[in-house]
Amino acid sequence: MDAVLAWYHEAARNLPWRQADRTPWGVLVSEIMLQQTPVVRVLPRWQDWMRRWPEPADLAAAPVAEVLRAWDRLGYPRRALRLHACAQAIVERFEGQVPSAPEELRSLPGIGEYTAAAVGAFAFGERTVVADTNIRRLLARAVSGRQQPAPSFTAAERALVASCVPHDRARSVRWNQATMELGALVCTSRTPHCDACPLAAHGCAYLAAGLPDQPEAKRRVQPFEGTDRQMRGMIMARLRADGAADRALLDALDTADPARVERCLTTLVADGLAVERDGLISLP
DNA sequence: GATGCGTGGCT
DNA sequence: TAGCCAAGCAT
């Protein structure tokens, strides 16, 4: 896999959370923001966020409403709540310092298997198995000859990824970073750019098989138009803009199905993304 | 293990 | 054009 490391040296994007002056907190914030969200959309939000809350203690002390406004349109605003709770837990349990041990990272709100491994590797230089969607897809193709990884992340696949990570600590960090980047930029989901891939000449099983289309392997995309998810987003956008809104105003968001608005308000309040007081809905 | 959870750009 | 897709997590 030397070819991938050499490729990364030449082609890596110059992202702020990869700079020499990066902090564990900055890396953690970037990883949360990047969950299911493209880099180009994260960049400006991350810059603002780090300027405002440069340490976990700064975010921990911020009002939730302000945190949700700063999250802006990144999507999945529950991530913002969890990041806020994560900062508070770091202050309370780790003296304000992001922990480096994967099991301690895993214990924090919003940090799952992937994010714990990524922070361990990219913030602390630990040897971890970073199995994100890019690495999974790249190995599914290069090693297993399949178009896409399986929908569920099985123990067998975890073992496969682990077997590919170099044993040397510093080298493992670069391999994780480089393989993820190659998946994100070259071995893309829809249209892989094999002409620009360093593995094309080093035995990619999927390319060798002739890039067969395997539609059965594709995961089904959840619908969005007309769903509660869309309505929740519309309500949150209104609350971010106006601070608060009365029920009648929100009901106008879907005159054909007022029950949909009510249902979404209930789940937003249950999620801690909104509060209701005297018929007025507002950010927490 | 299957679902629900935002948003916007790309093909 | 209408899907398809983007560094997942929690339940």
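The values are calculated or read from the model by the stated rules, or taken from the named source; none is laboratory data. Quick caveat, the model's predicted, so the values are computed rather than measured. Don't worry about glycine lacking a Cβ; one is built from the backbone with ideal geometry, like all the others, and counts go over all protein chains shown. Keep in mind that these areas ignore ligands, DNA and RNA; they rest on the heavy atoms of the full protein, side chains included. Shrake-Rupley method; radii C 1.70, N 1.55, O 1.52, S 1.80 Å.
Short to long, the 10 Å bins of the Cα pair-distance histogram for region A:133-217 hold 17, 53, 27, 2 percent of all pairs. Across q = 0.24, 0.28 Å⁻¹, region A:217-284 modelled as identical point scatterers on its alpha-carbon atoms has Debye log10 I(q)/I(0) values of -1.03, -1.36, in the order of the q list. If R0 equals 41 Å, the separation of the Cβ atoms of A:Leu211 and A:Ala252 corresponds to a calculated FRET efficiency of about 0.25. Inverting the pair-averaged 1/r between distinct Cα atoms of chain A gives 20.8 Å as its Kirkwood hydrodynamic radius.
Can you quote the Å³ per residue value for the convex hull of the Cα atoms in region A:2-124, rounded to an integer?
Here the figure is 109 Å³ per residue.
Take A:Arg41: with every protein chain present and a 1.4 Å probe, its accessible area is about 120 Å².
Quick one, could you list the DSSP H helices from chain A stretching 15 Å or more along their long axis (Cα atoms) with average Kyte-Doolittle hydropathy of 1.0 or above? Helices passing the filter in chain A: A:113-124.
With just the Cα atoms defining each centre, how far is region A:58-108 from region A:27-43? Give it in Å. Centre-to-centre (Cα) distance: 14 Å. Rounded to the nearest 20, the Cβ-based charge dipole of region A:2-124 about its Cα centre (Lys and Arg +1, Asp and Glu -1) stands at 500 debye. Among the GluC sites (Glu not before Pro) in region A:58-112, those placed in a DSSP loop whose Cβ has at most 14 other Cβ atoms within 10 Å are A:Glu95.
When only the Cβ of Lys, Arg, Asp and Glu is charged (+1, +1, -1, -1), the dipole of chain A relative to its Cα centre reaches about 500 debye. The residue list A:Val64, A:Ile135, A:Val27 was ranked by how far each Cα lies along the charge dipole of region A:1-153 toward its positive end, using unit charges on Cβ atoms, and A:Ile135 comes out on top.
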